[in-house]
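Q: Dropping the structure in here first, questions after.
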Amino acid sequence: MTVTILAVLFILVVLAIALGGFKLIIKQGKSPQEMNKEPCSLCRQSFLKSQLVERQVGDSRLYYFCASCILELHQRLTKLN
């Protein structure tokens with residue numbers, strides 16, 4: 001009888017720990033708005049993907065550029081000419 005009570009208590013403790021772990025994982029998940037953000041490849045500021053220009057290099061590497069970095073690069077390049 002005591003073995004069954006201990007076994008049930010052990011199972012309850014394991015379930016409580018598992019549920020607590022799942023709650024922590026769920027809390028640390030990104031919100032949909034955070035998932036739609038990327039950092040600029042130059043200034044590293046975070047922007048919505050719709051505000052960035054995306055360029056792919058090779059098969060898998062993606063670079064994102066914000067408007068201010070693009071304008072700064074354009075100004076630098078026009079000063080060289």
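Q: Against the definition (modelled with pLDDT under 90 and either of a type in the set (Asp, Glu) or surrounded by 10 or more Cβ atoms within 10 Å (Cβ to Cβ) (or both)), how does residue 54 come out, yes or no?
A: It is false that residue 54 is modelled with pLDDT under 90 and either of a type in the set (Asp, Glu) or surrounded by 10 or more Cβ atoms within 10 Å (Cβ to Cβ) (or both).
Q: Give all pairs with beta carbons closer than 7 Å in which a residue from region 56-81 that is under 11 Å from residue 43 (Cβ atoms) meets a residue that is among the polar types (S, T, N, Q) and surrounded by 10 or more Cβ atoms within 10 Å (Cβ to Cβ); count only pairs at least 6 apart in sequence or on separate chains.
A: 64/41; 65/41; 66/45; 66/51
Q: Among the numbered criteria (1) touching an Asp or Glu at 6+ places or on another chain (Cβ under 6 Å); (2) exposed (fewer than 10 other Cβ atoms within 10 Å of the Cβ), which single criterion is violated by residue 49?
A: Against the list (1) touching an Asp or Glu at 6+ places or on another chain (Cβ under 6 Å); (2) exposed (fewer than 10 other Cβ atoms within 10 Å of the Cβ), residue 49 comes up short only on (2).
The values are calculated or read from the model by the stated rules, or taken from the named source; none is laboratory data. Since this is a predicted model, take the numbers as computed values, not measurements. Counting neighbours? That spans all protein chains shown, and the Cβs are built from the backbone with ideal geometry, glycine included.
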